[in-house]
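As structure tokens, the structure follows; a few thoughts come after it.
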Amino acid sequence: MLERKSDLFFSALVAGALLICLMFMDAAISQRLDREFVQERREVVRVLTLTDLCLFTEARYTRHPSMADLHTPFQDHPMSFDHFPSGAIMAVPPHLKRKAGTLQRWISDPRERQ
Amino acid sequence: MGAIEKQRNILDFTLSSLGRRKGKNIALVVVYTFVIFLLASVLFFTHSLKKEAFLILQDAPEMTVQRLLAGRQDLIPTHYIDTIRQIRGVQSVAPRLWGYYYDAMSGANYTLMVNAELNDRAGEIIIGNGVSMRSMSGKRNQALRRNDIIPFKTYDGSVLTLKVRGLLPFASELVTADLILVSEADFRKLFSIANDQATDLVLNVRNAKELSTIAAKITQIHPDTRPILREEILRTYDAVFDWRGGVIFMVLSGVFFAFIILAWDKATGLSAEEKREIGILKAIGWETSDILLMKFWEGSAVSMAAFFMGIFLAYLHIFLASSILFEPVLKGWSVLYPSFRLTPYISVYHIATLFFLTVIPYTVVTIVPSWRSATIDPDSVMRM
């Protein structure tokens with residue numbers, strides 16, 4: 001059936017493309033099946049008034065990044081480096097980078113919120 | 001001979017030619033696959049995590065008000081509630097009491113939080129799945145069960161023993177793995193917090209459009225406070241796992257550029273055997289365009305094989321093997337780490353990005369040096 005090497009090549013290409021299609025199908029099915037769990041997590045967040053995902057429990061500013069302030073990674077000394085590994089993986093939450101006194105501008109100008 | 005038949009003949013020859021340098025090409029495909037696997041794993045992981053955070057945190061508090069003191073978050077006086085409640089548009093204000101507890105026995109950090117349902121059941125706690133797996137001896141194979149006792153050392157030095165009343169649902173581990181829900185009395189006793197203080201305040205407003213105006217009013221009335229909007233929480237998770245920034249991108253860039261050097265070296269330094277092959281082909285009547293076609297198919301075969309394998313392996317790694325290779329990096333120094341399975345969220349945009357970042361550059365660097373060899377006199381090429 002696959003007499004020539006080019007037949008084999010095109011068959012492999014089709015198989016690869018099918019594999020990617022299968023990945024998308026699997027993702028769609030999993031999303032549908034997990035909808036109930038997502039709803040459950042959402043409910044837990046609402047009832048317990050949670051604000052963050054529990055991904056890194058080693059430091060408070062990575063456990064609750066949205067609640068952290070700019071100084072917590074440097075809590076030991078103003079010049080000390082952030083010494084928790086997770087601090088190196090995560091970027092700084094965008095609202096912490098907002099300059100002091102810009103809240104009013106942030107409120108009035110929608111572009112500031114982008 | 002039709003155009004398609006011509007392409008097939010060239011492809012047949014190319015694949016046979018690749019087969020003659022089996023070892024070298026297999027090694028190249030393995031390295032190439034690994035690079036794509038790493039890139040795709042990071043893309044899939046960060047995208048799914050961001051999507052999950054976006055969906056779950058939709059019901060996070062609309063606004064959280066913290067008090068800052070000397071640049072750090074401090075306890076907020078509960079009398080702030082009265083003044084904030086009077087702001088037009090505020091529907092409800094509630095104090096939140098939460099904090100961290102370091103368990104010296106296991107070395108884990110817990111998040112302790114007051115739950116109103118436990119207020120008439122002082123001495124009882126509800127724990128997250130990660131906490132239950134962390135026994136007093138610190139071994140993960142001894143799970144805590146209902147009615148087990150956990151001793152806590154209070155901030156005045158005494159010991160407070162709390163009984164496990166129940167476990168939080170396993171499905172919620174991504175948000176509750178390290179969570180311990182306690183009564184208000186136990187929380188205040190544990191951390192010696194006065195009755196007129198709370199960790200922060202959470203607000204509900206009547207109209208979401210007024211959130212930023214209310215936030216501004218709060219900072220006017222209480223300049224020592226910092227309001228955090230739900231929108232900012234959602235954007236936090238969109239930003240913190242942005243694969244285009246941070247250390248992840250730096251590490252992957254290193255891997256990617258190492259691969260580019262490898263590909264460039266392979267492609268520019270055509271071996272004597274390859275050059276002779278090109279010379280012979282030209283001598284027997286192949287045109288320069290045919291040789292370029294051959295090299296195009298060669299580059300395509302290698303990069304497409306690596307692309308499909310890399311993407312598929314990355315999908316299996318992230319969504320079926322729970323990102324096992326990333327676990328040591330994500331864990332860091334954490335003792336508690338949620339064991340969660342991410343819901344697969346993949347996008348055509350990501351697959352296309354990977355394709356254009358990997359397959360296209362490799363195919364191009366394969367063709368360019370061959371064009372140089374293919375345009376010189378076959379006789380001189382064969383004599384090299």
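Rule-based calculations on the coordinates, nothing more; no lab input. Please read all numbers here as calculations on a predicted model, not as lab measurements. Cβ placement follows ideal geometry from the backbone for every residue including glycine, while neighbour counts extend to all protein chains displayed.
Evaluated with a Cβ-only charge set (Lys, Arg +1; Asp, Glu -1), the protein assembly as shown carries a dipole of roughly 160 debye about its Cα centre, given to the nearest 20.
Modelled label positions at residue A:13 and residue B:339, each set 7 Å beyond Cα in the direction of Cβ, lie 4.4 nm from each other.
Estimated at 0.36 nm per residue, the fully extended path between residue B:242 and residue B:188 surpasses their Cα-Cα distance by 15.6 nm. Here each label is just a point 7 Å from Cα along the line to Cβ, and for residue B:58 and residue B:26 those points are 5.0 nm apart.
Near residue B:108, the amide H atoms lying under 5 Å from its own belong to B:103; only residues 5 or more places off or on other chains count, and H is placed 1.01 Å from N.
Please determine, in degrees from 0 to 90 and to the nearest 10, the orientation of helix B:22-56 with respect to the longest principal axis defined by the Cα atoms of chain B, where the helix direction is its Cα long axis. Roughly 30 degrees between the two axes.
Count, for each residue of B:45-55, the Cβ atoms from other chains sitting within 10 Å of its Cβ, then give me the mean as a whole number.
Numbers: counts 0, 0, 0, 1, 2, 0, 2, 4, 4, 0, 8.
Average per residue, whole number: 2.
Inside 10 Å of the C-beta atoms of B:62-72, what's the mean count of C-beta atoms belonging to other chains?
Values: counts 0, 0, 4, 0, 2, 0, 2, 0, 1, 7, 5.
Rounded to a whole number, the mean comes out at 2.
Here each label is just a point 7 Å from Cα along the line to Cβ, and for residue B:265 and residue B:284 those points are 3.2 nm apart. Within the straight-line cut-off of under 18 Å between alpha carbons, the aspartates and glutamates reachable from residue B:275 are B:265, B:287, B:290, B:298, B:377, B:379, sequence neighbours fewer than 8 places apart in one chain being disregarded.
Can you sort A:57, B:236, B:343, B:161 so the residue with the fewest Cβ neighbours within 10 Å comes first?
If I rank by nearby Cβ atoms, fewest first, I get B:161, B:343, A:57, B:236.
Legend: residue pairs B:50/B:209; B:22/B:50; B:50/B:153, Cα-Cα distance threshold 30 Å; pairs beyond threshold, B:22/B:50; B:50/B:153. The stretch between residue B:86 and residue B:146 holds 17.3 nm of extra length on full extension. This uses 0.36 nm per residue minus the Cα-Cα distance. Note on residue B:231 and residue B:158: with the Förster distance fixed at 41 Å, the Cβ-Cβ geometry gives a FRET efficiency of about 0.45. Counts of other chain beta carbons within 10 angstrom of each beta carbon in peptide B:351-359 average 0. Under a 5 Å amide H cut-off, with hydrogens placed 1.01 Å from N, residue B:197 pairs with B:78 among residues at least 5 apart or on other chains. If the segment from residue B:329 to residue B:258 were pulled out straight at 0.36 nm per residue, it would be longer than the present Cα-Cα gap by 23.4 nm. Dipole size of the stretch B:1-123 about its Cα centre, with +1 on Lys/Arg Cβ and -1 on Asp/Glu Cβ: approximately 880 debye, rounded to the nearest 20.
The string of couplings for the stretch A:38-44 from the Karplus curve (6.51, -1.76, 1.60, θ = phi - 60°) is 4, 4, 5, 4, 4, 5, 4 Hz, one whole number per residue in order, with x for Gly and Pro. Listed peptides B:309-318, B:104-113 appear in the order B:309-318, B:104-113 once ranked by packing, highest mean of other Cβ atoms within 10 Å at the front. Which shape class applies to the stretch B:98-192: rounded if a/c is under 1.5, otherwise prolate when a/b exceeds b/c and oblate if not, where a ≥ b ≥ c are the square roots of the Cα gyration tensor eigenvalues? Since a/c reaches 1.5 but b/c is at least a/b, the shape of the stretch B:98-192 is classed as oblate. As an exercise, use a Förster radius of 35 Å and the Cβ-Cβ distance of residue B:224 and residue B:120 to find the FRET efficiency, rounded to the nearest 0.05. Efficiency, rounded to the nearest 0.05: 0.55.
On the beta carbon distance between residue B:322 and residue B:377, with R0 = 56 Å, the FRET formula returns roughly 0.45.
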